[in-house]
Structures are given as C-alpha cells and as structure tokens.
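Some notes on the structure that comes next.
The values are calculated or read from the model by the stated rules, or taken from the named source; none is laboratory data. Just so it is clear, the model here is predicted, and its values are computed rather than measured. Methodologically, a virtual Cβ is constructed for each residue, glycine included, from the backbone with ideal geometry; neighbour enumeration extends over all protein chains shown.
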Amino acid sequence: MHAIAKLAIPLWLLAGPCVVVALADGGTVRAVDEQGDYRVAVFTSPNPLRAGPVDVSVLVQNTVTGQTVGDAHVALQLTRRDRPGASIYAVASSAAATNKLMQAALVELPAAGWWDVEVESTTDDGTMQTRFAMEALPPLPRWLTVWPWFTWPLAAVVLFAVHRGLVGRKQNRIQSIECVPIG
C-alpha cells in the first residue's frame with residue numbers, strides 16, 4: 001500500500017492543473033447586481049481568466065420568489081479598453097449552458113488586457129444592464145495546454161512497471177520460502 005501511495009501522490013499533483021482548463025458553468029463571480037425585483041449574477045471561467053475561449057454564465061433570478069428566470073434574453077458585449085471601437089457581441093442561452101438554471105455564452109477573447117463587459121438582461125418587466133471590468137492574462141503556451149494528451153501513456157507504463165515489480169517481489173518471497181532446506 002505504501003508503494004501505491006508513493007505513486008498516486010505525484011500523479012495527483014501532476015494531474016491537478018489539468019482540471020483548471022475545463023470550461024463549465026459557474027466559475028469566478030464577476031458581478032452581482034439587483035435592479036427592482038431581479039438579481040443578475042455573472043460568472044466567468046476559467047480561473048485565472050486568460051485570452052482564448054471564455055465561458056460567461058449569467059443567472060437571472062426573481063428576488064421576490066427566489067426563482068430563476070429561464071426565459072430572460074441575455075446579451076453580452078465585451079470591449080477591450082485600449083480598442084473601444086472593436087467589441088465582441090454574444091447572446092447567452094440555456095442551450096449553451098451545462099447548468100440549465102443559467103444562460104451561457106462561449107466567447108473568444110483575442111488578446112490579453114482589460115475588458116469592459118456589459119450584460120443586458122431582458123425580462124417581461126424590462127431591461128437590466130450590468131457592467132463590470134475583468135482582466136484577461138496572456139494565453140498559456142500551447143505545450144502547457146496539450147501536455148496531458150502526450151504524457152498519459154507514460155502513466156500507464158509506470159503503473160504496469162509498479163505492478164510487475166510488486167508481483168515479482170511477491171513471487172521471490174514465495175520461492176525463497178519453498179527453498180529453505182530442512183535440516
């Protein structure tokens with residue numbers, strides 16, 4: 001069991017950073033805004049935020065009933081601060097969201113830097129605008145995003161070698177017990 005722990009802990013430490021690249025609903029809370037009877041919460045993923053694909057998830061909730069407003073129309077506008085003329089527009093939908101309580105859009109941030117985000121949520125009672133700023137770091141080097149795909153066979157080889165070593169050690173002990181001279 002000790003040998004398995006010696007192997008499992010380093011593998012866990014190596015595989016841990018891979019979890020961060022997963023895109024999913026939720027993530028980092030960027031803004032929570034209440035206007036009238038509605039609350040809008042905006043989440044982004046991944047964390048830390050980097051240039052490249054970014055999941056923006058929006059939760060629109062009725063503050064009186066606590067129910068989510070699934071039929072709200074949610075539109076996003078992301079504008080880079082140093083280039084105010086160029087904006088990214090996206091419409092969030094529950095179809096794009098893993099969590100069906102939210103509305104999500106996958107946007108591609110072309111560059112690192114500060115981005116001003118405007119979320120416009122339209123319900124039967126009117127339109128709410130939520131604004132916030134977020135900083136996107138430079139994208140990771142390509143080799144850091146694909147290394148798990150090239151190294152997973154190494155894990156299988158190491159596990160096989162550990163297994164063979166343990167089986168061989170057990171067989172050696174059995175043979176040494178059988179060969180003890182009686183005397």
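Assuming Gln129 fulfils every condition listed in (1) surrounded by fewer than 18 Cβ atoms within 10 Å (Cβ to Cβ); (2) under 20 Å from Thr28 (Cβ atoms) apart from one, which condition is it?
Against the list (1) surrounded by fewer than 18 Cβ atoms within 10 Å (Cβ to Cβ); (2) under 20 Å from Thr28 (Cβ atoms), Gln129 comes up short only on (2).
Is segment 55-65 home to any residue that is under 14 Å from Trp115 (Cα atoms) and under 16 Å from the mean Cα position of the chain (by Cα)?
Yes, some residue in segment 55-65 is under 14 Å from Trp115 (Cα atoms) and under 16 Å from the mean Cα position of the chain (by Cα).
Condition check ((1) more than 29 Å from Gly66 (Cα to Cα); (2) in contact with a Lys or Arg (Cβ under 9 Å, 6 or more places away or on another chain)) across all residues:
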{"residue": "Ala92", "(1), (2)": "no, no"}
{"residue": "Ala95", "(1), (2)": "no, no"}
{"residue": "Asn99", "(1), (2)": "no, no"}
{"residue": "Val107", "(1), (2)": "no, no"}
{"residue": "Pro110", "(1), (2)": "yes, yes"}
{"residue": "Trp115", "(1), (2)": "yes, yes"}
{"residue": "Glu118", "(1), (2)": "no, yes"}
{"residue": "Thr123", "(1), (2)": "no, no"}
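Could you check Pro48 against (1) outside any strand (DSSP E or B); (2) of a type outside the set (Asp, Glu); (3) out of contact with any Leu (no Cβ under 6 Å at 6 or more places or on another chain) and say which number it fails?
Just one mismatch for Pro48, condition (3).
Pick out the one residue from Leu140, Leu144, Leu159, Leu106 that is in contact with a strand residue (DSSP E or B) (Cβ under 7 Å, 6 or more places away or on another chain), at pLDDT below 90 and hydrophobic (A, V, I, L, M, F, W, C). If you could, list the steps in order and put the result at the bottom.
Working: Leu144 fails: in contact with a strand residue (DSSP E or B) (Cβ under 7 Å, 6 or more places away or on another chain); Leu159 fails: in contact with a strand residue (DSSP E or B) (Cβ under 7 Å, 6 or more places away or on another chain); Leu106 fails: at pLDDT below 90.
Step by step, each of Leu140, Leu144, Leu159, Leu106 is checked, and only Leu140 is in contact with a strand residue (DSSP E or B) (Cβ under 7 Å, 6 or more places away or on another chain), at pLDDT below 90 and hydrophobic (A, V, I, L, M, F, W, C).
Pull up segment 95-122, narrow it to residues that are hydroxyl-bearing (Ser, Thr, Tyr) and surrounded by fewer than 17 Cβ atoms within 10 Å (Cβ to Cβ), then point me to the one that is nearest to Phe43 (Cα to Cα).
Residues of segment 95-122 that are hydroxyl-bearing (Ser, Thr, Tyr), as a first pass: 98, 121-122.
When the remaining residues are screened for being surrounded by fewer than 17 Cβ atoms within 10 Å (Cβ to Cβ), the result is 98, 122.
Working: Thr98: 13, Thr122: 18 Å.
Checked segment 95-122; the qualifying residue nearest to Phe43 (Cα to Cα) is Thr98.
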